[in-house]
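One structure below.
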Amino acid sequence: MQNNIICKPWGYEYIAYQNNDVALKVLHIRHGEQTSMHCHPNKSTGLVLVEGQAIISFIADQALLTAPAKKMIRRGLFHQTRAISNNGIVMLEIETPVDQDD
């Protein structure tokens with residue numbers, strides 16, 4: 001891994017650990033910002049909200065998460081995370097298998 005910090009329009013992600021099977025990222029999403037609505041057809045994702053409050057949106061519904069909380073995202077499920085707490089959120093993202101292009 002050459003650069004562990006990846007700047008995003010909503011904040012940044014830090015690649016804390018990665019091997020051939022799993023990647024662990026720390027996401028920092030600023031208040032009022034959100035990820036794009038996206039899916040991963042080839043990998044499963046676990047989200048662990050460590051700090052703050054977030055809304056995880058899906059095509060047909062949404063879930064309010066208050067730290068500490070977790071949510072599993074199955075392969076192919078469209079999802080989006082929005083930070084609603086004043087100081088933004090800190091979230092762990094665990095992905096398997098590792099596929100940066102998925």
In the chain the accessible area split gives carbon plus sulfur, as whole percent at 1.4 Å, a share of 51
GNM flexibility winner over the chain from Ala69, Ala23, Ala60 (Cα, springs under 10 Å): Ala60
Counting other C-beta atoms within 10 Å, and keeping those with at most 11, which DSSP coil trypsin sites (Lys or Arg not before Pro) do you find in the stretch 29-102? Arg74
Kindly report the accessible area of the chain per residue (heavy atoms of protein chains, probe 1.4 Å, no ligands, DNA or RNA), in Å². 58
In order through the stretch 36-43: 3J(HN,Hα) via Karplus (6.51 cos²θ - 1.76 cosθ + 1.60), integer Hz, x for Gly, Pro: 6, 6, 8, 9, 10, x, 10, 9
Take every Cα-Cα distance within the chain, group them into 5 Å bins from 0 onward, and report for each bin the whole-number percent of pairs it holds. 3, 14, 24, 28, 21, 9, 2, 0
Vicinal HN-Hα couplings computed from phi for the stretch 16-32 (Karplus, 6.51 cos²θ - 1.76 cosθ + 1.60; Hz; Gly/Pro x): 7, 7, 7, 9, 6, 10, 8, 10, 10, 10, 10, 9, 10, 10, 5, 3, x
Long-range amide H partners of Ala69, meaning residues 5 or more apart or on another chain whose placed amide H is closer than 5 Å, are Leu49
Contour minus Cα-Cα distance for Lys70 and His31 (0.36 nm per residue): 12.1 nm
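The values are calculated or read from the model by the stated rules, or taken from the named source; none is laboratory data. In this text the structure is predicted, and so the values were computed from the model without any measurement. Using ideal geometry, Cβ is built from the backbone for each residue, glycine included, and neighbour counts are taken over all protein chains shown. These area figures cover heavy atoms from the full protein model, side chains too; ligands, DNA and RNA do not enter into them. Shrake-Rupley method; radii C 1.70, N 1.55, O 1.52, S 1.80 Å.
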